[in-house]
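Every number in this text was worked out from the coordinates using simple rules, so none of it is lab data. Remember, it's a predicted structure, so these values are computed and weren't measured experimentally. Please note: Cβ atoms are built from the backbone with ideal geometry, for glycine as well, and neighbour counts cover all protein chains shown.
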Amino acid sequence: MKYVAILLVVGVLVAGILGPQIFFVVDEKQVAIVTRFGEVKQQVTSPGLFAKTPFVDNVTYFEKRLMIFDAPPDSLLTKDKKRLIIDVYARGRIVDPKLFRETVRTESQAASRAVDIISSEMRAEIAGDNQAEIITTSREPIMNRILENSKPQLALFGIELVDVRIKRADFPAEIADSVYARMQAERQRKADKERAEGAEIDATVRAEVDRDATIIVANAEKNANILRGEGEARAIQIFADAIGSDLDFYSFQRSLEAYQKIFAEKSTIVVPADSDLFQFLQSPEGLTKSDTAN
């Protein structure tokens, strides 16, 4: 038992000392290559526990996740000889660790080479498009062409390029104010035009409504006048028929209407004794009897 315990202790000590020299771990975020005296013996692209020759083999780890290749903003000349400030970046991953180590060796050096390639392709693409097209319609096609043209070049370094994006496409500071002023003036011109068209439509609609309202009122007045005239004619006819049936009554009614209009309240009236009014005031029935006697 004593020898077994000694062997276990020795085994643990040996494993603790030689373990890192015999085994190495690659996690899901990494790729690795194993080199022996500078020569690549193995490349590992999947995670797990792996073995190597102790004290002879060396392991180098690289990033497996997407790397960002961010180019600095650059002033580029467009097809119509105008300048734009372009800010672009790309994303890629290491797919061939051996080729990557043999060509660019480090991730910082890879980023520098990727930025140079992408900037060169972007400069060529911007030179083939007009300024207005780049700002409005051509940005997506330009990014796609840069991606397709840069992919084979970065593949030579063991890098797979997956995306290229233009973050910003702005006017240079010295002309930005004048460009924005022209854009504002153009928007103002369109706004004034639309307001004028709206005012014209408003005036037309109001004129049509006023005309229709005038026609409706005129027709209503015409119909009212026709009805009023017919009513007055009917009233006159009825009145004439009444007069024709009893002329004395009509004369008496007209006299009363005349007296009602010319006599004010509490007035003193001097009338002849033989007048119809005097006889009526003395006895309303007497006037009737006197008239009947006559």
What's the FRET efficiency of LEU227 with VAL205 using the Cβ-Cβ distance as r and R₀ = 30 Å, to the nearest 0.05? 0.35
Got a sec? Which residues in the stretch 37-72 would a label at ARG123 touch, if it sits 7 Å along Cα→Cβ and we count backbone N under 14 Å? 72
Ranked by how many other beta carbons lie within 10 Å on average, peptides 121-128, 21-28, 94-101 from highest: 94-101, 121-128, 21-28
Gained length - PHE37 relative to ALA213, 0.36 nm times residue gap less alpha-carbon distance: 53.1 nm
Pseudo-spin-label distance LEU77 to GLN21, built 7 Å along Cα→Cβ, given in nm, is 6.3
Per the rule of 0.36 nm per residue minus the C-alpha distance, extending GLU107 to ASP248 adds in nm 37.6 nm
